[in-house]
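*Asks:* What follows is a single structure, and I will ask about it in a moment.
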Amino acid sequence: MSFKGLKAITFDAAGTLLEPWPSVGAVYARVAEECGIGPVSIDDLNRQFASAWKNKRGFDYSRVAWRRIVEKTFSGLAHTKPAFFDHLYDEFAQPRCWRVYDDVAPTLERCRTQGLKLGVISNWDERLRPLLEQMGLAPYFDAIIVSTETGHHKPALEVFHQATRTLQLPPESILHVGDSIDEDAKGASAAGFQSVLLDRRGRDQSAIHSLAALLSD
């Protein structure tokens, strides 16, 4: 793929650089069992989490917002205990709950050899920076923009503008890559970035299906 005047690439985090491992439901079920809850079906948890996530409204990535998602995920499956959510929230700050996609490190390395600046623009919370450090990804990036730190969430223009200020580059020289049509592709384009939609499941033929396609000739 070729991009005009490209000087930097920014990436979304979840679904682009890393994914919950082995799945959201698997982590929920394990932590529930550790807290004396369940057993709860992993498939049921994955299904109800997907529904809760799809139907979320006004989600601000706060602990309160995440608690609501967890409550909806477990609704009708198990009664959770007061300490359970805090344990679960802390667990998702741990590298063992995440997997970096196989194409990430080679792509970041190749971007570096081409002299490109790199960044992350993610709707996330205070757990992201330490997580990227622990997973060995943070050193690759010149900018890490976390939505809860800016007070705005993608697709808000302010999040992308923060990235341009940190990278000290005009928006048209930055390519943003992410897996959300609205938050990433449309949000970045509205901010003046170049943008590419990433669909790792291969469902959208207009999207790239791996990061390796970014720098292909």
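The values are calculated or read from the model by the stated rules, or taken from the named source; none is laboratory data. Predicted model only: the values in this text are computed from it and were never measured. Quick reminder, even Gly has a Cβ in these numbers, built from the backbone with ideal geometry, and neighbours come from all protein chains shown. Heads up: the accessible areas ignore ligands, DNA and RNA and are worked out on the full protein's heavy atoms, side chains in. Shrake-Rupley method; radii C 1.70, N 1.55, O 1.52, S 1.80 Å.
*Asks:* Could you tell me how many of the residues in region 193-211 are of a type outside the set (Lys, Arg) and either free of Cβ contacts under 8 Å to residues at least 24 places away in the same chain or open to solvent by 60 Å² or more (accessible area, probe 1.4 Å) (or both)? Write out each step before concluding.
*Replies:* Looking only at region 193-211, we keep the residues that are of a type outside the set (Lys, Arg), and these are 193-199, 202, 204-211.
Next, from what is left, pick out any that are either free of Cβ contacts under 8 Å to residues at least 24 places away in the same chain or open to solvent by 60 Å² or more (accessible area, probe 1.4 Å) (or both): 195, 197, 199, 202, 204-207, 209.
Of the residues in region 193-211, 9 are of a type outside the set (Lys, Arg) and either free of Cβ contacts under 8 Å to residues at least 24 places away in the same chain or open to solvent by 60 Å² or more (accessible area, probe 1.4 Å) (or both).
*Asks:* Let me ask something additional. Among the residues of region 77-95, which ones are more than 16 Å from the chain's Cα centre (by Cα) and either surrounded by fewer than 16 Cβ atoms within 10 Å (Cβ to Cβ) or polar (S, T, N, Q) (or both)?
*Replies:* His79, Thr80, Lys81, Pro82, Ala83, Asp86, His87, Asp90, Glu91
*Asks:* In this structure, does Ser216 turn out to be open to solvent by 10 Å² or more (accessible area, probe 1.4 Å), within 16 Å of the chain's Cα centre (by Cα) and of a type outside the set (Asp, Glu)?
*Replies:* Working: open to solvent by 10 Å² or more (accessible area, probe 1.4 Å): yes; within 16 Å of the chain's Cα centre (by Cα): no; of a type outside the set (Asp, Glu): yes.
Considered against the rule, which asks whether it is open to solvent by 10 Å² or more (accessible area, probe 1.4 Å), within 16 Å of the chain's Cα centre (by Cα) and of a type outside the set (Asp, Glu), Ser216 comes out as no.
*Asks:* Let me ask something else about it. Just the residues that are open to solvent by 10 Å² or more (accessible area, probe 1.4 Å) and touching a helix residue (DSSP H, G or I) at 6+ places or on another chain (Cβ under 6 Å), please, taken from region 40-51.
*Replies:* In the first step, residues of region 40-51 are kept if they are open to solvent by 10 Å² or more (accessible area, probe 1.4 Å); the result is 40-44, 46-51.
Listed by number, the residues that qualify are Val40, Ile42, Asn46, Gln48, Phe49.
*Asks:* Oh, and also: Can you pull out every residue in region 98-149 that is touching a helix residue (DSSP H, G or I) at 6+ places or on another chain (Cβ under 9 Å), part of a strand (DSSP E or B) and charged (D, E, K, R)?
*Replies:* Lys117
*Asks:* Limited to region 167-179, what total is found for residues that are within 25 Å of Tyr101 (Cβ to Cβ) and open to solvent by 60 Å² or more (accessible area, probe 1.4 Å)?
*Replies:* Counting residues in region 167-179 that are within 25 Å of Tyr101 (Cβ to Cβ) and open to solvent by 60 Å² or more (accessible area, probe 1.4 Å) gives 1.
*Asks:* Any residue at all in region 122-138 that is touching a residue at least 60 places away in the same chain (Cβ under 8 Å) and either in contact with a Lys or Arg (Cβ under 7 Å, 6 or more places away or on another chain) or open to solvent by 80 Å² or more (accessible area, probe 1.4 Å) (or both)?
*Replies:* Yes - at least one qualifying residue is present in region 122-138.
*Asks:* Kindly indicate which of Ser180, Ser147, Ser173, Ser122 is under 12 Å from the mean Cα position of the chain (by Cα) and farther than 21 Å from Ser210 by Cα.
*Replies:* Criteria check complete, one pass: Ser147.
*Asks:* Here's something else I'd like to know. Pairs please, first residue from region 3-24 and open to solvent by 20 Å² or more (accessible area, probe 1.4 Å), second anywhere and among the acidic types (Asp, Glu) and not in a loop (DSSP other than H, G, I, E, B), Cβ atoms under 9 Å, 6+ apart in sequence or on different chains.
*Replies:* From residues that are open to solvent by 20 Å² or more (accessible area, probe 1.4 Å), the pairs are Lys4/Glu172; Gly5/Glu172.
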